[in-house]
Amino acid sequence: MLAKIDISKEALRLSGPLKDKIPKIGFIIGGISLLISLVLGMKDPHHVFSSYLTAFSFFTTISLGAMFFVLIQFVTRAGWSVVVRRVPEVLMSNITLMALFFIPLLFGMHELYHWTHESAVSTDLLLQGKAPYLNVPFFILRAVLFFGLWTWISKTFFKGSQEQDVSGDPSITLGLQRKSTFCIIIFGFTLTFAAVDWIMSLTPHWYSTIFGVYIFAGSLVVFS
C-alpha cells in the first residue's frame, strides 16, 4: 500500500511540468499547421478562406451557444444550473479570442464575398440595391460592434459570477438577472445579423427569413 502511495505521489509530482507544457506544445503545433496552410493556400486562396470561414463559424457558435445558455439561466432565474454554469461561462469568454481569429477573414473578403467586387456590383441591380448594407466599411464596422457587445456581455456575466462566488452577495445575482433581460435581446439581434453578414451574404441573391434562427439553434446544439 505504501509503495502504491509513493508511486501515485511521484506521478502527481511529474504531472505538473507536463501539464504546463501542453499549451505550449499545442501552440507550436497550431503555428506549424498555420504556416503550412498559408504556404499551400497561396495556390488556392479561395478554398483556404472558405475552409477558414467554416471553422471560424463553427467555433464561434460554440462560444455564442454557451453565452445564450448563461443568459437564459439568469433570465429564468434558474437555480439548478449554478453547479454547471462555470463551464459555459468559460466557453463564452473565448469570444474575445474569436474576435482575433476574425481578422484573417478581412484579408479574404474579396475571395469569399461576391458583393465586394465592384465589377459585379456595377452589372447587378440586386447588388446595387444592397450596396448601402453590403459594403466593406460597413461590414467591418458591424463586425466590430458584434464582437464588442459579445465581449462586454461575456466579461460582465463572468466577472459578476466570480464575484458572487467569493462574496455571496445576492445583489450581484439580482443585478445580472436584470441585465440579462436586455442582453438576451442584444444577443438575438447581433447573432442574426452576424449570420447574415458572414454566411448568408456568401450568396447575396439568396433570401431566407429564418436563417438567423437556424444559426442560433445550431449554436445551442453545438454547445450542448
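All of the numbers you see were taken from the coordinates with simple rules; none came from a lab. These figures come from a predicted structure and were not determined experimentally. Note: ideal-geometry Cβ built from the backbone for every residue, glycine included; neighbour counts use all protein chains shown.
At what distance in angstrom do the alpha carbon centres of region 26-57 and region 65-121 lie from each other?
Answer, in whole Å: 20.
Nearest 10 degrees is fine. How inclined is helix 2-41 to the longest principal axis of the chain, computing both from alpha carbons?
So the helix axis and the longest Cα principal axis differ by about 10 degrees.
Measuring from the lowest to the highest alpha carbon on each principal axis, how far does the chain reach, largest first, in angstroms?
Each principal axis gives a Cα extent; for the chain these are 80, 47, 25 Å.
Helix 170-198 sits at what angle to the longest principal axis of the chain, using alpha carbons and giving 0 to 90 degrees rounded to 10?
The angle comes out at about 40 degrees.
Please identify, among 121, 196, 84, the residue showing maximal mean-square fluctuation in a Gaussian network model of the chain using a 10 angstrom Cα cutoff.
84
Looking at the chain as a GNM with Cα springs under 10 Å, which of 38, 71, 97 has the largest mean-square fluctuation?
38
With unit charges on the beta carbon (Lys/Arg positive, Asp/Glu negative), name the residue among 93, 166, 192 whose Cα is farthest towards the positive pole of the charge dipole of the chain.
Towards the positive end, the residue furthest out is 166.
Let me check against my output: what whole-number percent is the relative contact order of the chain, with C-alpha pairs under 8 Å and at least 6 apart?
With pairs under 8 Å counted, the relative contact order is 27 percent.
Please say if region 123-195 is rounded, prolate or oblate, where rounded means a/c under 1.5 for a ≥ b ≥ c the square roots of the C-alpha gyration tensor eigenvalues, and otherwise the choice is prolate for a/b larger than b/c and oblate otherwise?
It comes out prolate by the Cα gyration axes.
Which listed residue (113, 153, 53) has the Cα farthest towards the positive end of the charge dipole for the chain, taking +1 on Lys and Arg C-beta and -1 on Asp and Glu C-beta about the Cα centre?
153
Which angle between 0 and 90 degrees, to the nearest 10, do you get for helix 136-167 versus the longest principal axis of the chain when only C-alpha atoms count?
Value to nearest ten degrees: 20.
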